[in-house]
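Data block below; observations after.
The values are calculated or read from the model by the stated rules, or taken from the named source; none is laboratory data. The model shown is predicted, which means the values in this text are computed figures rather than measured ones. Methodologically, a virtual Cβ is constructed for each residue, glycine included, from the backbone with ideal geometry; neighbour enumeration extends over all protein chains shown.
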Amino acid sequence: MSQTKPRSPSTPHRQSQGGKDFRKRVQRSKEQGEAPVKQTASKPRAGNPAAKPCIILKAGREKSLLRRHPWIFSGAVECIDGAPASGDTVPVRDSAGNFLAWAAYNPDSQITARVWSWNEKDVIDKAFFRQRISDALAARRTLGLERDSSGMRIVHGESDGLPGLIVDKYDDVLVMQLGSAGPERWRETIADILQELCTPACIYERSDSDGRELEGLPKRCAIVRGTLPEMVEVIENGFRFAVDVAEGQKTGYYLDQRDNRALTGTLATGRDVLNCFCYTGGFSLYALRGGAKSVLSIDSSQEALELAQRNVELNGLDASRAEWQCADVFEALRKLRDQNRKFDLIVLDPPKFAPTAAFAEKASRAYKDINLLGFKLLRPGGLLFTYSCSGGISDDLFQKIIAGAALDAGVDVQIVKKLHAAADHPVLLSFPEGAYLKGLVLRVAG
Ligand code: SAH
């Protein structure tokens with residue numbers, strides 16, 4: 001086994017805007033649909049400048065569109081007719097001139113266009129966006145998601161037919177994140193529609209994901225409508241969570257782990273729990289309420305840990321069973337191993353180590369490292385909840401990495417359950433990239 005200590009890859013702390021250290025240090029964008037790492041890909045060739053704007057694909061490169069994958073990569077484009085501007089809606093045609101889709105053009109991205117609609121008769125206007133957003137809201141109502149939580153992802157980008165648009169609802173505050181040129185162009189329209197349909201007290205824009213840089217868009221965080229309360233609170237399965245929408249990570253909270261947190265809570269009874277990368281204490285609170293004997297939570301962000309402790313208080317939970325550590329998990333796990341500490345349930349929910357496949361190798365080493373240490377810290381019969389939110393790591397690869405870690409740790413391990421993001425993060429079948437979050441519940445042989 002290699003003795004070289006893998007460092008956490010440099011990608012997790014990816015926020016670069018804003019004075020506060022918090023965002024810089026802790027940002028993890030678990031989002032789907034981010035553009036790949038910028039390469040020196042050649043820009044599509046200009047076609048007939050006098051013609052109406054249109055994207056014409058190379059012969060044979062229409063296949064993924066015919067399978068309804070919504071991204072058009074620059075390499076598939078033969079030429080661009082006319083002179084469309086970034087964010088403009090343009091028709092996409094195959095090499096024979098057949099209509100394929102309406103898409104939002106972005107000359108500055110490797111993803112030259114993202115599809116709004118496959119129907120030539122559609123007009124991409126306010127009514128179109130109102131329909132798509134209404135559909136997304138209706139889908140969530142059908143699933144009965146409001147019953148137990150006042151926090152919910154109401155628009156999940158490509159998977160809701162709105163590439164690049166994320167909208168999270170935290171009680172009566174909406175946070176929108178515009179990740180590409182299309183939604184950027186329709187920013188005001190989208191805000192108007194959200195205001196009309198949801199009547200929130202505030203719409204806050206958190207357009208500061210790294211993906212925007214790759215799209216050639218500046219970062220922007222600001223109130224778009226209404227007034228932002230000093231602290232937003234969300235109810236989740238009976239818990240109260242304070243959410244910092246302006247300074248917290250992503251849009252402020254990790255809604256995608258809601259169901260997985262609940263599962264952890266049900267299995268925590270009587271156990272010594274270790275929650276790594278705890279952020280504002282999600283898994284820790286569920287474990288405490290679930291009757292864990294003790295919960296040690298580790299994160300490198302002091303601000304996140306402060307909010308986590310506030311969340312314990314908000315919920316009247318027994319703080320004496322909770323221990324908090326501000327540390328690098330890679331180092332903390334080694335210390336715990338050296339101290340011979342043992343746990344019955346461990347959660348590993350690290351930031352996105354591999355935003356794209358280009359980072360997969362380095363990320364694999366990091367995943368293997370923390371999981372190997374996790375296995376070593378578990379008592380026989382213990383449970384490991386391990387996650388990857390990396391778009392660049394497939395389900396298969398993740399499982400293989402974990403299998404390698406178990407082998408090196410010398411433990412026999414069963415998969416008890418496979419986990420994904422919650423139902424308000426649907427995955428369009430034609431857009432498998434939407435399934436960015438994968439988790440395994442593992443049981444070490446007793
Ligand atoms: N499980 C959380 C979400 C985790 S987000 C929830 O349910 O809400 C990932 C967290 O990892 C962030 O809080 C970030 O601050 C933290 N982090 C990133 N790199 C880290 C490192 N090397 N050591 C410790 N924490 C780290």
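Of all residues in the range 281-290, those that are touching a Gly at 6+ places or on another chain (Cβ under 9 Å) and either away from the ligand (no atom under 12 Å from the Cβ) or under 22 Å from Ala423 (Cβ atoms) (or both) total 6. Whether any residue in the range 91-107 is assigned to a strand (DSSP E or B) and either β-branched (Val, Ile, Thr) or out of contact with any strand residue (DSSP E or B) (no Cβ under 7 Å at 6 or more places or on another chain) (or both) is what I want to check. Looking for residues that are assigned to a strand (DSSP E or B) and either β-branched (Val, Ile, Thr) or out of contact with any strand residue (DSSP E or B) (no Cβ under 7 Å at 6 or more places or on another chain) (or both), one finds at least one in the range 91-107, hence yes. Answer yes or no: is there a residue in the range 419-433 that is over 28 Å from Gln339 (Cα atoms) and touching a Cys at 6+ places or on another chain (Cβ under 9 Å). Yes, the range 419-433 contains at least one residue that is over 28 Å from Gln339 (Cα atoms) and touching a Cys at 6+ places or on another chain (Cβ under 9 Å).
Going residue by residue through the range 243-252, is there one that turns out to be more than 9 Å from the ligand (Cβ to nearest atom), more than 18 Å from the chain's Cα centre (by Cα) and surrounded by 21 or more Cβ atoms within 10 Å (Cβ to Cβ)? No, the range 243-252 contains no residue that is more than 9 Å from the ligand (Cβ to nearest atom), more than 18 Å from the chain's Cα centre (by Cα) and surrounded by 21 or more Cβ atoms within 10 Å (Cβ to Cβ).
Scanning the range 201-215 for residues that are at pLDDT 95 or above and either outside any loop (DSSP other than H, G, I, E, B) or touching a helix residue (DSSP H, G or I) at 6+ places or on another chain (Cβ under 7 Å) (or both) yields Cys202, Ile203, Tyr204, Glu205, Arg206, Ser207. Restricting Ala403, Ala354 to those that are away from the ligand (no atom under 16 Å from the Cβ) and within 28 Å of the chain's Cα centre (by Cα) reduces the list to Ala403.
Scanning the range 40-55 for any residue that is at pLDDT 95 or above, within 24 Å of Thr189 (Cβ to Cβ) and crowded, with 18+ Cβ neighbours inside 10 Å turns up at least one such residue. Of Asp122, Asp168, Asp192, all but one fail to be within 21 Å of the chain's Cα centre (by Cα) and surrounded by 15 or more Cβ atoms within 10 Å (Cβ to Cβ); the exception is Asp168. Gln309: without any contact (Cβ under 8 Å) to a residue 40 or more places away in the chain, within 12 Å of the ligand (Cβ to nearest atom), polar (S, T, N, Q) and surrounded by fewer than 20 Cβ atoms within 10 Å (Cβ to Cβ), yes or no? Answer is no for this residue. For the range 43-71, the set of residues classified as over 15 Å from Ile111 (Cβ atoms) and under 33 Å from the mean Cα position of the chain (by Cα) consists of Cys54, Ile56, Lys58, Gly60, Glu62, Lys63, Leu66, Arg67, Arg68, listed by residue number.
Per-residue answers, yes or no, for (1) of a type in the set (A, V, I, L, M); (2) over 26 Å from Ala445 (Cα atoms):
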position	(1), (2)
Ala322	yes, yes
Ala332	yes, no
Arg341	no, no
Leu348	yes, no
Ala357	yes, yes
Lys362	no, yes
Tyr367	no, no
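Considering the conditions (1) more than 26 Å from Ser117 (Cβ to Cβ); (2) in a strand (DSSP E or B); (3) outside the structural domain of Pro351 (by TED's automatic domain parsing), Pro218 is excluded by exactly one of them, (2). Filtering the range 71-90 to residues that are among the aromatic types (Phe, Trp, Tyr) and either in a loop (DSSP other than H, G, I, E, B) or assigned by TED's automatic domain parsing to the domain that holds Glu158 (or both) leaves nothing.
Residues in the range 145-177 that are under 12 Å from Asp424 (Cα atoms) and in a strand (DSSP E or B): Ser149, Gly151, Met152, Arg153, Ile154, Val155, His156, Ile166, Val167, Asp168, Lys169. Within the range 258-279, if we keep just the residues that are in contact with a helix residue (DSSP H, G or I) (Cβ under 8 Å, 6 or more places away or on another chain) and either hydroxyl-bearing (Ser, Thr, Tyr) or in the same structural domain as Ser149 (by TED's automatic domain parsing) (or both), the residue that is nearest to Leu345 (Cα to Cα) turns out to be Thr264.
Results for (1) within 14 Å of Gly374 (Cα to Cα); (2) more than 9 Å from the ligand (Cβ to nearest atom); (3) of a type outside the set (S, T, N, Q), shown as yes or no for each residue.
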position	(1), (2), (3)
Asp256	no, no, yes
Leu274	yes, yes, yes
Ser297	yes, yes, no
Asp318	no, yes, yes
Ala332	yes, no, yes
Arg341	yes, yes, yes
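If the condition is being of a type outside the set (Asp, Glu), touching a residue at least 60 places away in the same chain (Cβ under 8 Å) and part of a helix (DSSP H, G or I), then the range 404-438 contributes only Gly434.
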